[in-house]
Amino acid sequence: MRADAVSKSYGQREALKAVSFAAEAGEVVAVIGPNGAGKTTLLSILAGLQAPSSGTVSVRPAEVGWVPQQPAIYSKLSVAENLRLFARLERVADHDAAVERMLALTGLEARADDELGRLSGGNQQRVNIAVGLLASPSVLLLDEPSSSLDPRQRERLWELISSLAREDGSTVVFSTHNVGEAERYADRVLVLADGELLFEGSPAEMVRAVGSPERDFEAAFVRFLHERGH
Amino acid sequence: MRWLLVKDLQILRRSPLLLGVLVAYAVVIGLPVGYGISAPPSKPRVAFYNGVPAAENTFDLGERKVDASRYADRLFEDIEPIRVDSREEAIAKVKDGEALGALVVPGDITEQLQNATELPGISEPPTLEVFYAADNPLKRRYVEQTVKARLADANLALSGEVTKVAAGALDVLLAGGPFVLPTGTIDVLGLRRAKTVLLDAQRKLPGNDPQRAALQQVIDFADVAITSLNFANPVLGAIAAPIRVETNEVSGGGGSLEGFAVAAAATIALMFVAVLLGAGMLALEREEHAFGRLVRGLVRPSALLAEKVLLAALCAFAVAAGLLALLALFEPVPLDRAPRWLAALALGAAGFAALGVAVGALTRDVRAASLLSFLLSLPIAALALVPSGTVGEAAFGAIRVVSALFPFKPTLSALDAGLNEAGGLVLALAHLGLLTGTYLTLARLALRRFAAQ
């Protein structure tokens, strides 16, 4: 997946300033940055939710699995009904098989007939991710996927995401506020601030780029932003 | 779109309380409002004291006896009388607020009537006393106008009776015949017969008799009197009913009051169900955060809007049709005109659903959508039901313009035309089609802004 000089303006405000990057198959990329940096705007443009003011994205929305920050599923429908509905809307050839596959992947077979609103936030997020994976997309975009989860649920979520990249060769791009998660699960990080892409590289490269005595990625990230006036 | 419709129906099926309240609300509001606006105002309570003893209710009018109480009954057609035993008690009822007014018939009213017919222009006309509560000018005017209108009716009926008696007397004067007097019946010669007698008498006189000229003068007078009195009867008829009323409708339909009530009740039910469901179900997509996921390639926004309009219109149609079936138990719903009122129901439902979807496209969650729907629905229904003539010309013009921007008025007109004999169905349906398209366009524009957020 490639983004070339993607910019987005809302009136006079520039939310994204000519952001370019590429992500390979099987690669996990984290987009980090302070609040208002443009992370969600970048992901929503990559997902096809909104059009960029200028620049291009190489993938079509149909090729991208989109997992928004808050579960975008129906609380009055059961787990299986949600999956079946989106499988039909995605025009998945064998939607029943896709539903079974996602139930197995998320470990929610036993809760298939439960109304979604009765599930925990973690389980709802797993269904949310499963919906994003129904059409077996080559690219998976996740906006703050672990923000509402407890540590145990978070661990299981990252196991799932890592396995998708490792075993299925999916490209995974996620945004997060949790710098530790980015360091732990991402092959590469993109640092955005005020809509500008300030850094692109591995967490270790970030630490080296700061050139400070700190070996801690979070401290290096904070120092990196501070040095650039953020 | 099919799967979204199935999904929404599943969601509604799993919200029985919400759905039940929505349907019950539409029916519970629709029925009383529909019947309330079409029912005539209730009769004002008026204290009534009749000082005339029952045995003295009649007075003589020529050879006839007329019962005055028959004319008093006309007063009670539009008022609810509280019969009391004295003038003072009648006034006390008004002061206490139990009655809006009091009507006092003096004990000598029949005597006054008798005098008025026997000595017209000399005796005082019969007089009734009316008392009003002045605490509420609106109520006072209402009672005053009601009593005056009914008194005018009674006066007219009485003058009609007097005219009939006078016309009978003139007939006798003209043609002759028996005439009843208090002292007995006499045979009146009559002008025509008198003229014949005079002509005979004149013929029998010698040609140079000076009495012939005098008789000729009397014959001429009889001729003039006969000619004049021949005109008297039609003139008296014209006096008895000087103005004829010809009623014509220049706008609106000619349906019955009950039929209009049914149309109004169904329109209100359609409005609440369609607007609330259309707004709520579209806002739900946003509240559940599913909107973005849907419109990024799974469903076109226009298809999503069409699905919501279809869902809301179908549900509203079902509720309104059920309401009509219920009302058919009390007020016949014409089955021979079913295609007409079904078309009105369908397009009305579509118009309201499109309005609801436009509201839903402007709001972020179901609660805001519902609140906005209520805030919008109630005034547009109230404005559309304001009858002409109750407000100033400019205000009514503004009300007509505002009402034309919303589907309530055209739906009511279409249903009234479909259910009753009222006309204007095609125009109302075309109006609804235009409004449906306009609201869908507005909703589509609002969604564009919505998607960019």
For this session: Kindly indicate whether any position in the stretch A:73-92 is under 30 Å from B:R14 (Cβ atoms) and surrounded by fewer than 17 Cβ atoms within 10 Å (Cβ to Cβ).
Result: yes
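When the stretch B:172-208 is examined, which residues are found to be part of a helix (DSSP H, G or I) and in contact with a Leu (Cβ under 7 Å, 6 or more places away or on another chain)?
Kept after step one, since they are part of a helix (DSSP H, G or I), are these residues of the stretch B:172-208: B:172-175, B:191-204.
B:L173, B:L174, B:L191, B:R192, B:L198, B:A201, B:Q202, listed by residue number.
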Exercise. Within the stretch B:370-386, is there a residue that is surrounded by fewer than 24 Cβ atoms within 10 Å (Cβ to Cβ), in contact with a Lys or Arg (Cβ under 9 Å, 6 or more places away or on another chain), within 20 Å of B:V262 (Cα to Cα) and of a type in the set (G, A, S)?
Worked result: yes
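Yes or no, residue by residue, for (1) under 21 Å from A:I129 (Cα atoms); (2) of a type in the set (V, I, T):
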{"site": "A:G33", "(1), (2)": "no, no"}
{"site": "A:T41", "(1), (2)": "yes, yes"}
{"site": "A:R88", "(1), (2)": "yes, no"}
{"site": "A:A110", "(1), (2)": "yes, no"}
{"site": "A:D114", "(1), (2)": "yes, no"}
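Between A:A165, A:A220, A:A209, A:A204, which is in contact with a strand residue (DSSP E or B) (Cβ under 6 Å, 6 or more places away or on another chain) and either β-branched (V, I, T) or at pLDDT below 90 (or both)?
Values: A:A220 fails: in contact with a strand residue (DSSP E or B) (Cβ under 6 Å, 6 or more places away or on another chain); A:A209 fails: in contact with a strand residue (DSSP E or B) (Cβ under 6 Å, 6 or more places away or on another chain); A:A204 fails: in contact with a strand residue (DSSP E or B) (Cβ under 6 Å, 6 or more places away or on another chain).
After ruling out the rest, the residue left standing is A:A165.
Return yes or no: is A:K17 over 19 Å from A:D168 (Cβ atoms), surrounded by fewer than 18 Cβ atoms within 10 Å (Cβ to Cβ) and in contact (Cβ under 8 Å) with a residue 40 or more places away in the chain? I'd like the intermediate steps shown before the answer.
Details: over 19 Å from A:D168 (Cβ atoms): yes; surrounded by fewer than 18 Cβ atoms within 10 Å (Cβ to Cβ): yes; in contact (Cβ under 8 Å) with a residue 40 or more places away in the chain: yes.
It is true that A:K17 is over 19 Å from A:D168 (Cβ atoms), surrounded by fewer than 18 Cβ atoms within 10 Å (Cβ to Cβ) and in contact (Cβ under 8 Å) with a residue 40 or more places away in the chain.
Residues B:V299, B:V309, B:V262, B:V275: which one is crowded, with 17+ Cβ neighbours inside 10 Å, out of contact with any Lys or Arg (no Cβ under 9 Å at 6 or more places or on another chain) and within 14 Å of another protein chain (Cβ to nearest Cβ)? Before the answer, list the steps.
Numbers: B:V309 fails: within 14 Å of another protein chain (Cβ to nearest Cβ); B:V262 fails: within 14 Å of another protein chain (Cβ to nearest Cβ); B:V275 fails: within 14 Å of another protein chain (Cβ to nearest Cβ).
When all the criteria are applied, what remains is B:V299.
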For this session: Give me a count of the residues in the stretch B:209-232 that are free of Cβ contacts under 8 Å to residues at least 12 places away in the same chain, part of a helix (DSSP H, G or I) and farther than 17 Å from B:L173 by Cα.
Result: 5
Exercise. Taking the condition touching a Ser or Thr at 6+ places or on another chain (Cβ under 6 Å) and over 30 Å from B:L5 (Cα atoms), does B:G397 pass?
Worked result: no
Exercise. Of the residues that sit in the stretch A:135-179 and are among the acidic types (D, E) and more than 30 Å from A:R91 (Cβ to Cβ), which one is nearest to the chain's Cα centre (by Cα)?
Worked result: A:E155
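Of these, B:V218, B:V250, which one is at pLDDT 70 or above and not basic (K, R)?
Numbers: B:V250 fails: at pLDDT 70 or above.
B:V218 is the lone residue from the list that is at pLDDT 70 or above and not basic (K, R).
Kindly establish whether B:R87 is at pLDDT below 75 and basic (K, R). Before the answer, list the steps.
Working: at pLDDT below 75: no; basic (K, R): yes.
Here the answer is no, as B:R87 does not meet what is asked.
Can you pull out the residues in the stretch A:155-191 that are of a type in the set (S, T, N, Q), under 17 Å from A:E218 (Cβ atoms) and touching a residue at least 40 places away in the same chain (Cβ under 8 Å)?
Initial filter on the stretch A:155-191 (of a type in the set (S, T, N, Q)): A:162-163, A:170-171, A:175-176, A:178.
Those still in the list that are under 17 Å from A:E218 (Cβ atoms) too: A:175-176, A:178.
Within the stretch A:155-191, A:S175, A:T176 meet the criteria.
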For this session: Answer yes or no as to whether B:R444 is in contact with a helix residue (DSSP H, G or I) (Cβ under 9 Å, 6 or more places away or on another chain), free of Cβ contacts under 8 Å to residues at least 12 places away in the same chain, closer than 27 Å to B:S302 by Cα and not acidic (D, E).
Result: no
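Could we say that B:M281 is at pLDDT 90 or above and within 30 Å of the chain's Cα centre (by Cα) here? First the steps, then the outcome.
Working: at pLDDT 90 or above: yes; within 30 Å of the chain's Cα centre (by Cα): no.
So B:M281 fails the test.
Each row is one residue, and each column tells you yes or no for (1) closer than 17 Å to A:A186 by Cβ; (2) polar (S, T, N, Q); (3) free of Cβ contacts under 8 Å to residues at least 40 places away in the same chain.
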{"position": "A:D4", "(1), (2), (3)": "no, no, no"}
{"position": "A:A23", "(1), (2), (3)": "yes, no, no"}
{"position": "A:Q50", "(1), (2), (3)": "no, yes, no"}
{"position": "A:V57", "(1), (2), (3)": "no, no, no"}
{"position": "A:W66", "(1), (2), (3)": "no, no, no"}
{"position": "A:Q69", "(1), (2), (3)": "no, yes, no"}
For this session: Mind listing just one residue for me: the one in the stretch B:391-426 that is more than 19 Å from B:F352 (Cβ to Cβ) and touching a Phe, Trp or Tyr at 6+ places or on another chain (Cβ under 9 Å) and, of those, modelled with the lowest pLDDT?
Result: B:A422
Seminar exercise, completed: Within the stretch B:94-124, restricting to residues that are modelled with pLDDT under 75, loosely packed, with under 14 Cβ neighbours inside 10 Å and of a type outside the set (A, V, I, L, M, F, W, C), the one that is nearest to B:A47 (Cα to Cα) is B:E124
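State all residues of the stretch A:19-38 that are assigned to a loop (DSSP other than H, G, I, E, B) and either aliphatic (A, V, I, L, M) or within 14 Å of another protein chain (Cβ to nearest Cβ) (or both); if no residue qualifies, say none. Walk me through it before giving the result.
If we filter the stretch A:19-38 for residues that are assigned to a loop (DSSP other than H, G, I, E, B), which is where we start, we get A:23-27, A:33-38.
Selection gives A:A23, A:A25, A:A37.
May I ask you to say which residue of B:L181, B:L191, B:L199 is modelled with pLDDT of 85 or more, of a type outside the set (K, R) and surrounded by fewer than 16 Cβ atoms within 10 Å (Cβ to Cβ)?
Details: B:L181 fails: modelled with pLDDT of 85 or more; B:L191 fails: surrounded by fewer than 16 Cβ atoms within 10 Å (Cβ to Cβ).
Being modelled with pLDDT of 85 or more, of a type outside the set (K, R) and surrounded by fewer than 16 Cβ atoms within 10 Å (Cβ to Cβ) holds for just one of B:L181, B:L191, B:L199, which is B:L199.
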Exercise. Out of the stretch A:65-88, which residues are among the hydrophobic types (A, V, I, L, M, F, W, C), within 9 Å of chain B (Cβ to nearest Cβ) and within 19 Å of B:R2 (Cα to Cα)?
Worked result: A:I73, A:L77, A:L85, A:F86
For this session: Kindly indicate whether any position in the stretch B:427-443 is farther than 19 Å from B:A361 by Cβ and at pLDDT below 90.
Result: no
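Is it the case, given these coordinates, that A:E109 is in contact (Cβ under 8 Å) with a residue 60 or more places away in the chain, away from every other protein chain (no Cβ under 11 Å), among the charged types (D, E, K, R) and surrounded by fewer than 21 Cβ atoms within 10 Å (Cβ to Cβ)? Outline the logic, then answer.
Details: in contact (Cβ under 8 Å) with a residue 60 or more places away in the chain: no; away from every other protein chain (no Cβ under 11 Å): yes; among the charged types (D, E, K, R): yes; surrounded by fewer than 21 Cβ atoms within 10 Å (Cβ to Cβ): yes.
So A:E109 does not fit the description; no.
Suppose the filter is touching a strand residue (DSSP E or B) at 6+ places or on another chain (Cβ under 7 Å), assigned to a helix (DSSP H, G or I) and either of a type in the set (F, W, Y) or surrounded by 14 or more Cβ atoms within 10 Å (Cβ to Cβ) (or both); does A:L197 pass it?
Values: touching a strand residue (DSSP E or B) at 6+ places or on another chain (Cβ under 7 Å): yes; assigned to a helix (DSSP H, G or I): no; either of a type in the set (F, W, Y) or surrounded by 14 or more Cβ atoms within 10 Å (Cβ to Cβ) (or both): yes.
Criteria not met by A:L197.
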Seminar exercise, completed: Filtering the stretch A:39-64 for residues that are more than 8 Å from every other protein chain (Cβ to nearest Cβ) and assigned to a helix (DSSP H, G or I) leaves a count of 8
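The values are calculated or read from the model by the stated rules, or taken from the named source; none is laboratory data. As the structure is a prediction and not an experimental result, all values here were calculated from the model. Every residue, glycine as well, gets a Cβ built from its backbone with ideal geometry; the counts of neighbours run over all protein chains shown.
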